Amino acid sequence: MARITRAAPHLEAEDLKTRLKLDPRPWCRQRWLIIYNALVEPREATDIAKHTGTTVAMVHQVIASYNRLGVAAVETPGKGGRRRKSCDLGRRASVLSSLFHASRAWGNCHRRRNQARECAHR
């Protein structure tokens, strides 16, 4: 006999339903649908996978992470994109100026080394 897949009650069924309807990201809506099905009508993972159009492995993964972490397991930032977008202009200017000075110092060092090689070959 197969095991019944249940979701921990981190959120109420109505909250899950509103998140399912209002989330703009399709992959999050799919995860919310899996969790909603496991919370409202607990059954085997194969049945949940057939009903939601996903794989059994995904059902296991989503339910396990939701049971452990709660809402944070579903609302991840996603893949790609820029993570450090809150860098202000002052910080950007200081980083760029330090890089500029470092590159200038490296260029001076490189020129001196080439001059020393030329003197050694003469």
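A few remarks follow.
- Where labels lie 7 Å past Cα in the beta-carbon direction, separation of Ala13 and Trp27 in nm: 3.0
- Gyration tensor (alpha-carbon) shape descriptor, the range 11-73, a/c threshold 1.5: rounded
- Among the GluC sites (Glu not before Pro) found in the range 1-56, those both in a DSSP coil and sparsely packed, with 15 or fewer other Cβ atoms within 10 Å of their Cβ, are Glu12.
- For the pair Thr55 and Ser103 in one chain, pulling the backbone fully straight at 0.36 nm per residue adds 12.1 nm over the alpha carbon distance.
No value in this document is a laboratory result; all are computed from the given coordinates. Keep in mind that this is a model prediction, so the values were computed, not measured. Ideal geometry is used to build each Cβ from the backbone, glycine not excepted, and the neighbour counts take in all protein chains shown.
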